[in-house]
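Trainee: Dropping the structure in here first, questions after.
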Amino acid sequence: MIYEGKAITVKEIEGGIAQLNFDLQGESVNKFNRLTIEELRAATDKLGAQKGLKGLVVTSSKDSFIVGADITEFTDLFAGPEEDLVANNLKANEAFSAIEDLPFPTVTAINGIALGGGFEMCLATDYRVMDEKAKVGLPEVKLGIFPGFGGTVRLSRLVGVDYAVEWICGGTENRADKALKIGAVDAVLEGEKLMEAAVGIINQCNDGKLDYKARREEKTGKIKLNAMESMMAFEISKAFVAGQAGKNYPAPVEAIKVMQKHAGLTRDKAIEVEAKGFAKMAKTNVAACLVGLFLNDQELKKKAKAWEKEANDVKMAAVLGAGIMGGGVAFQSALKGTPILMKDINQDGIALGLKEAKKLLTKRIDKGKMKPDQMADVLNNITPTLNYGDFKNVDLVVEAVVENPKVKDAVLRETEDSVREDTILTSNTSTISINKLATNLKRPENFCGMHFFNPVHMMPLVEVIRGEKTSDRAIATTVAYAKAMGKTPVVVNDCPGFLVNRVLFPYFGGFSGLVRDGADFQKIDKVMEKFGWPMGPAYLLDVVGMDTAKHANEVMAEGFPERMKADYKSAVEVMFENERYGQKNDKGFYKYETDKKGKQKKIVDEESYKLLEPVVQGKKEFDDEEIIARMMLPLCLETVRCLEDGIVEDPADADMGLIFGIGFPPFRGGALRYIDDMGVDKFVELADKFADLGPLYHPTEKLREMAKTGEKFFG
């Protein structure tokens, strides 16, 4: 044994060839934490001092090669001074450069996935052979940063500027065939042949058939473009990527700027440029928020995994109501491999549900995500029915009928009589209390909420709502089924609107108040979209549907009358009364026309302004900051109340629910992190400025106490 550590071992295997193997003890995956980087440097020193070696193969004993850096270490690391971050990256890079400088040919055998620092490790060797099922990539921009272990330097020289920009700025995971096509790897094979291929390459190098030194010089030298070519490549890339990423996500464009700066430098100087650029991005609030989101997401997955241990298997599901929502649930379940019965009371409903499933499958085929013969397999997993004949075989039911308590009550009681005693019943209600719906059930312990968001196939969140009598088994089984469908489940306690809608409707309340006071709804939309929302509130209401919004608002007003019951006629009510339901009938705050691609296009409609005149107290100009404050304060304060009321378990659940459920701007980290970033004291001070607008703008006593003591929601 040449070297033996807790993450890395090095041994001689055959003919003077060494094997450096990653196998981080006590972990299911390999990752670059401080220990692994220290051991890589120590192992490389041993290799450099070893006599008689002819080559090195780098491998992994895990199912994946290396998943990347240990992100749990980022929070403390990024909180330090910028110069410490630069020094830390340069020190880590010494280990990668030492691998690259070994006095013999080196090859990495890539299995599973090699992402971020894992792929940067692969780039440090002279050659790469890759399992045909593996994936590689540099996804750091998704955390608000870019590669910091030499990735911008080596990849841009290995595959060229255009491909390097595409991979680094897109943060994509790339299949083996694509990696081979652009020259990021040298061979693609079946997994069991990787070692043989790697040894073969080393032998060819030693026999003079392959020039590994020339390959190394190319990778450690300057980018081979003249001044004009370099300027054109980088400037065009910056313009395109800036348009794609937007100003709220600076890392992709900064990565291009860094590559442009080090294009004319050799490796060590280029890495210094990369390290400084990395540190600059790591100190941004965007990086802090996106890293925080990643860590919150990991916590959510841990919670879901814990629930799964208590879950019953869902081998057959059922959905009640075969409309757009029911068809979406059926499609998602069938696509992910759980057969599902789709029941409706008439054939037209069944036809609509199947049409929705077929439409979604056809889109997948058109986009190359599915082969035509796979469509039949998915559709065969959906069994349409007009009766409860096969419901004794069902393990979990999703009720997705109209949002009416009496209708849901009747359907749930009827279903309960048709299923086994251990079958879990769930309701896809968006606002109606689970406790209320459980009142007439014989087995309320088997009942909970399972709130999907529309469109089901695109929205990642599922709220799993616990009623007073809901059992752990019901929650666990529903969480497991949501995960099996490819969704992110968040467990919340029962209240009107649960988490997402309870928080969303105060936001809409802020919008209605602004319109009442004379703000232009188009300007509100533009300001909030600039703030980072995927669509402004008027546009979002058109998408939700004015009938749905009005009904949900009535439920919320009944549940929280002191805050959510308005004493004036709202813009939503005006639209509803004039049958302007939004995209459902092509007119709401905006008009909608179908473009050449068949998509609904939003158009300004002066009729909306005329209809709103009776409920608007004259026109008034609001600056952007006031619009943002009046929109965001109610949303954030209601999130605080959800946490204080125990509707969510912790701040991470609250923020992730809003990110996944209503598109809260990810680069701002969530409502509670937004308060933290502003400073709880400053947030309370801002809320007090708008106190005369009513209880939606009044901080809780606990929040005021946090403001006094300097406490934060996150750390």
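The values are calculated or read from the model by the stated rules, or taken from the named source; none is laboratory data. Worth saying up front: this structure is predicted, and the values here are computed from it rather than measured. With ideal geometry, Cβ positions are generated from the backbone for all residues, glycine too; neighbour counts draw on all protein chains shown.
Trainee: Looking at segment 246-258, I want the residues that are farther than 17 Å from A288 by Cβ and outside the structural domain of G669 (by TED's automatic domain parsing) and have a partner that is crowded, with 24+ Cβ neighbours inside 10 Å and small (G, A, S) with Cβ atoms under 7 Å, at least 6 apart or on another chain. Which pairs are those?
Mentor: Note: pairs meeting the criteria are V258/G277.
Trainee: I've got another one for you. Residues of segment 36-71 being among the hydrophobic types (A, V, I, L, M, F, W, C), assigned to a helix (DSSP H, G or I) and in contact (Cβ under 8 Å) with a residue 24 or more places away in the chain, which ones?
Mentor: Answer for segment 36-71, where residues must be among the hydrophobic types (A, V, I, L, M, F, W, C), assigned to a helix (DSSP H, G or I) and in contact (Cβ under 8 Å) with a residue 24 or more places away in the chain: I37, L40, A42, A43, L47, I71.
Trainee: Related question: Filter segment 115-127 down to residues that are in a strand (DSSP E or B) and farther than 19 Å from V10 by Cβ, then give me how many there are.
Mentor: Of the residues in segment 115-127, 1 are in a strand (DSSP E or B) and farther than 19 Å from V10 by Cβ.
Trainee: Something else: Taking interchain pairs and intrachain pairs at least six residues apart, which have beta carbon atoms under 8 angstrom, with the first residue in segment 359-388 and free of Cβ contacts under 8 Å to residues at least 60 places away in the same chain and the second assigned to a loop (DSSP other than H, G, I, E, B) and surrounded by fewer than 15 Cβ atoms within 10 Å (Cβ to Cβ)?
Mentor: Cβ pairs passing all conditions: I365/K371; N381/G337; T383/D390; L386/I345; L386/N346.
Trainee: Also, quick follow-up: Hey, among the residues in segment 305-326 that are outside any loop (DSSP other than H, G, I, E, B) and at pLDDT below 90, which one's farthest from the chain's Cα centre (by Cα)?
Mentor: The residue in question is I324.
Trainee: Of the residues that make up segment 358-380, is at least one within 22 Å of A480 (Cα to Cα) and within 28 Å of the chain's Cα centre (by Cα)?
Mentor: yes
Trainee: With the structure loaded, tell me whether K584 is in the same structural domain as L703 (by TED's automatic domain parsing) and either surrounded by fewer than 21 Cβ atoms within 10 Å (Cβ to Cβ) or in contact with a strand residue (DSSP E or B) (Cβ under 6 Å, 6 or more places away or on another chain) (or both) or whether it fails that test.
Mentor: Considered against the rule, which asks whether it is in the same structural domain as L703 (by TED's automatic domain parsing) and either surrounded by fewer than 21 Cβ atoms within 10 Å (Cβ to Cβ) or in contact with a strand residue (DSSP E or B) (Cβ under 6 Å, 6 or more places away or on another chain) (or both), K584 comes out as no.
Trainee: Let me ask another. Do any residues in segment 121-147 that are over 26 Å from D101 (Cβ atoms) and touching a residue at least 40 places away in the same chain (Cβ under 8 Å) have Cβ atoms under 8 Å from those of residues that are among the charged types (D, E, K, R) and in a loop (DSSP other than H, G, I, E, B), where the two are at least six apart or on different chains, and which pairs are they?
Mentor: Note: pairs meeting the criteria are D131/E190; E132/E190.
Trainee: Turning to a different aspect of this structure: Taking E166, is it modelled with pLDDT under 95, surrounded by fewer than 24 Cβ atoms within 10 Å (Cβ to Cβ) and outside any loop (DSSP other than H, G, I, E, B)?
Mentor: no
Trainee: Can you name the number of the only condition in (1) in the same structural domain as A671 (by TED's automatic domain parsing); (2) more than 24 Å from V402 (Cα to Cα) that D542 fails?
Mentor: (2)
Trainee: Another question, if that's okay. Given the residues M370, M342, which is the only one that is touching a helix residue (DSSP H, G or I) at 6+ places or on another chain (Cβ under 7 Å) and part of a loop (DSSP other than H, G, I, E, B)?
Mentor: From the options M370, M342, the qualifying one is M370.
Trainee: Being surrounded by fewer than 16 Cβ atoms within 10 Å (Cβ to Cβ) and within 14 Å of V129 (Cβ to Cβ) is the filter; apply it to segment 178-192 and report the residue that is farthest from the chain's Cα centre (by Cα).
Mentor: The selected residue is E192.
Trainee: So in segment 179-234, with the set limited to residues that are part of a loop (DSSP other than H, G, I, E, B) and of a type in the set (A, V, I, L, M, F, W, C), which one is farthest from R157 (Cα to Cα)?
Mentor: L210
Trainee: Right, another one. For segment 441-451, enumerate the residues that are crowded, with 22+ Cβ neighbours inside 10 Å and hydrophobic (A, V, I, L, M, F, W, C).
Mentor: Those that are crowded, with 22+ Cβ neighbours inside 10 Å and hydrophobic (A, V, I, L, M, F, W, C): F447, C448, M450.
Trainee: Can you name every residue in segment 637-658 that is under 28 Å from A519 (Cα atoms) and buried (at least 23 other Cβ atoms within 10 Å of the Cβ)?
Mentor: L637, E638, T639, V640, L658
Trainee: Just the residues that are of a type outside the set (A, V, I, L, M) and in a helix (DSSP H, G or I), please, taken from segment 408-447.
Mentor: K408, D409, R413, E414, T415, E416, N435, K436, P444, E445, N446
Trainee: Then there's this: Among F104, F74, which is the only one that is of a type in the set (A, V, I, L, M, F, W, C), in a loop (DSSP other than H, G, I, E, B) and surrounded by fewer than 24 Cβ atoms within 10 Å (Cβ to Cβ)?
Mentor: Criteria check complete, one pass: F104.
Trainee: I would also like to ask the following. If you take the residues in segment 386-403 that are closer than 14 Å to K315 by Cβ and in a loop (DSSP other than H, G, I, E, B), which one is modelled with the lowest pLDDT?
Mentor: Applying the filter and picking the extreme gives D390.
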